[in-house]
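**Student:** I am attaching a structure below and will ask some questions about it afterwards.
The values are calculated or read from the model by the stated rules, or taken from the named source; none is laboratory data. Worth saying up front: this structure is predicted, and the values here are computed from it rather than measured. Ideal geometry is used to build each Cβ from the backbone, glycine not excepted, and the neighbour counts take in all protein chains shown.
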Amino acid sequence: MSGIELRDRDASPFHRGEHLAQARLGVRDIEEWARQVVRDHLPEQHRDFHTALPFLVIAARDAQDRPWVTLLEGSEGTVTSPDNKTLSIDALPGQGDALHDTIQLGSDIGILGIELATRRRNRVNGRAANVTSAGFDFLVEQTFGNCPQYIRERKWHRLNSSVPGPSTRSQRLSNRQIQWISSADTFFIASGYRGEGTSPTYGMDASHRGGDRGFVKVLDDKRLLFPDYAGNNHFNTIGNILLDPRAGFLFVDFESGSFLQLTGKASIDWDSDEIAKFPGARRLVTLEIDEVVETRSAVSLRWSSDADSVRSLRLVEKTPESTDVTSFVFEARDGGALAGFEPGQHLPIELEIPGINEPVSRTYSLSNGPSEHRYRISVKREQNGIASQFLHDHLEPGAIINSRRPSGDFAMTCNKCPLVLVSAGIGLTPMMSILHAVAKEPGKRPFWFVHGARDGKHHPLAQEVLELASARSGIRVHVAYSQPTSDDELANGFDSRGRVDGALLARLVDNIDAHYFICGPVKFMGELQADLEGRGISQEHIHTETFGPAG
């Protein structure tokens, strides 16, 4: 994700329900970060992203004010962006769809653009305008990127000819529909809230939920439940449900293009003993179903199974890098070639942990160079981290894990521009991959590597950074320790005392054309982004990556 600005920098990007969820879970520090990344317009890269997609996920309400979610498909040119606050969509929900003939002038609309093959996604909320019999204009009110957790990779193709099949409506799930939901690894959810007055925080939201097959549990023919995992701490869906419990679900049969749409009332289980039955879940959400709509072959799109994207890896090296960070190097189990990656991308892995019935999925940045034909992740041990503790304490060389293809759009975007890498804590890891790549480049393009750590004991890969920097001219390294020890002072292993901030960057970097890559705690990134934009650095030159125990 990369940063942006709201119409009013002092205005909160969240409504009351989102604030309630954040306060309950102790993550109100997300506010400052979100003010930098929640925009009132689509940057160029997101305009290109939405207009190139074969479908959009759409959330809206029907005539009874009930939320539903569907897919709008179209060929090239179906979605255009005449300006950075508008998407023109030449498509509407078809006959039989729960949202058929419901989009009107001023309708609240939530859009999720998602590319299943690469796991990229971007959410946009706004309203409908210029509605015709063929489509509508979508006016942007809020937009932001998303972390790519739990998205199953799928490639798509389109049938040459396809006619939507019949639709059926009911108030309960059939046995076949129960089986459909029980074997799903993906669904989409619609939620929304509109308070009094006007605010860009109001409106509909379309979101993605994913997990291992069967992660959604059908309790009976009127109720289903799903575990909600750690995300970006915006709590858009959860915040909406706190103020308006109505929600809509969409399950897609990816092989047939069929839809199963549900609408009903959602409730949240924050702290019962049931949550422990779902490893990694932070809460449980139950939907009481009001109506079910099933449409056979609703779209002409078909998606491949995600099974082919799984790759078995063998751990070949395990190296402590600091007090709380260890590196893990993997090669292909079968000795074959591994899928390549761009410096800065991450590796989705699945761990079989004793006592947990299903694989635990996590995503970690790759910390080695892309030309090494192996994968290295450098993982911080988290106090309550199921995956990180298992990796540190139990995974030893020779162990086998499963992974998926490296992905992510936090990657080096230019081969010649000046680069400034700025990290704090474990945010160092994707920067290491970029540094490895730059160290092997011909030429002498300007390059700064700026990192902040608590002290030398909490500074992983320090010597590796210095060795890479010495490999070619033009690489400058600056290390700041916020709490250096007496040993650090004697070793002279850092360049400044304190935290990395905008003032430090202003002293170090004097190149207006530089691209900045920032990774670390959310407050750190938000403050740096605001400072850089205040100094006239283009938004398109600032690239950020959210980081956390599971991301």
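**Student:** Mind checking which strands (runs of 3 or more DSSP E) fall wholly inside the range 291-340 and carry at least 2 residues that are at pLDDT 95 or above?
**Tutor:** Of the strands (runs of 3 or more DSSP E) lying wholly inside the range 291-340, those with at least 2 residues that are at pLDDT 95 or above span 311-320, 325-332.
**Student:** Condition first: farther than 18 Å from residue 530 by Cβ and modelled with pLDDT under 90. Now tell me which residues in the range 492-516 satisfy that.
**Tutor:** 492, 493, 510, 511, 513 - these are the residues of the range 492-516 that are farther than 18 Å from residue 530 by Cβ and modelled with pLDDT under 90.
Yes/no per residue for (1) in contact with a helix residue (DSSP H, G or I) (Cβ under 7 Å, 6 or more places away or on another chain); (2) surrounded by 19 or more Cβ atoms within 10 Å (Cβ to Cβ); (3) within 14 Å of residue 451 (Cα to Cα):
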{"position": "397", "(1), (2), (3)": "no, no, no"}
{"position": "403", "(1), (2), (3)": "no, yes, no"}
{"position": "406", "(1), (2), (3)": "no, yes, no"}
{"position": "412", "(1), (2), (3)": "yes, yes, no"}
{"position": "415", "(1), (2), (3)": "no, no, no"}
{"position": "425", "(1), (2), (3)": "no, yes, yes"}
{"position": "430", "(1), (2), (3)": "no, yes, yes"}
{"position": "435", "(1), (2), (3)": "yes, yes, yes"}
{"position": "439", "(1), (2), (3)": "yes, no, no"}
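**Student:** Contact list please: Cβ distance under 7 Å, first residue in the range 506-526 and touching a residue at least 60 places away in the same chain (Cβ under 8 Å), second residue of a type in the set (Phe, Trp, Tyr), pairs at least six apart or on different chains.
**Tutor:** Once the first residue is touching a residue at least 60 places away in the same chain (Cβ under 8 Å) and sits in the range 506-526, its partners that are of a type in the set (Phe, Trp, Tyr) give 508/448; 509/448; 519/547; 520/547; 522/33; 523/33; 525/33; 526/33.
**Student:** Within the range 35-58, work out how many residues are out of contact with any Asp or Glu (no Cβ under 7 Å at 6 or more places or on another chain), of a type in the set (A, V, I, L, M, F, W, C) and modelled with pLDDT of 90 or more.
**Tutor:** 6
**Student:** Tell me which residues, restricted to the range 443-468, are within 15 Å of residue 487 (Cβ to Cβ), of a type in the set (Gly, Ala, Ser) and not in a strand (DSSP E or B).
**Tutor:** 456, 462
**Student:** Which residue, of 190, 206, is in contact (Cβ under 8 Å) with a residue 40 or more places away in the chain and in contact with a Pro (Cβ under 7 Å, 6 or more places away or on another chain)?
**Tutor:** That would be 190, the only listed residue that is in contact (Cβ under 8 Å) with a residue 40 or more places away in the chain and in contact with a Pro (Cβ under 7 Å, 6 or more places away or on another chain).
**Student:** Still on this structure, I have one more. So which of 464, 441 is within 20 Å of residue 519 (Cβ to Cβ), of a type in the set (D, E, K, R) and under 31 Å from the mean Cα position of the chain (by Cα)? Talk me through it step by step, then tell me what you get.
**Tutor:** Values: 441 fails: within 20 Å of residue 519 (Cβ to Cβ).
The unique qualifying residue is 464.
**Student:** Another question, then. Just name the residue that is nearest to residue 251 (Cα to Cα) out of those in the range 176-220 that are touching an Asp or Glu at 6+ places or on another chain (Cβ under 8 Å), among the polar types (S, T, N, Q) and buried (at least 22 other Cβ atoms within 10 Å of the Cβ).
**Tutor:** Out of the qualifying residues, it is 191.
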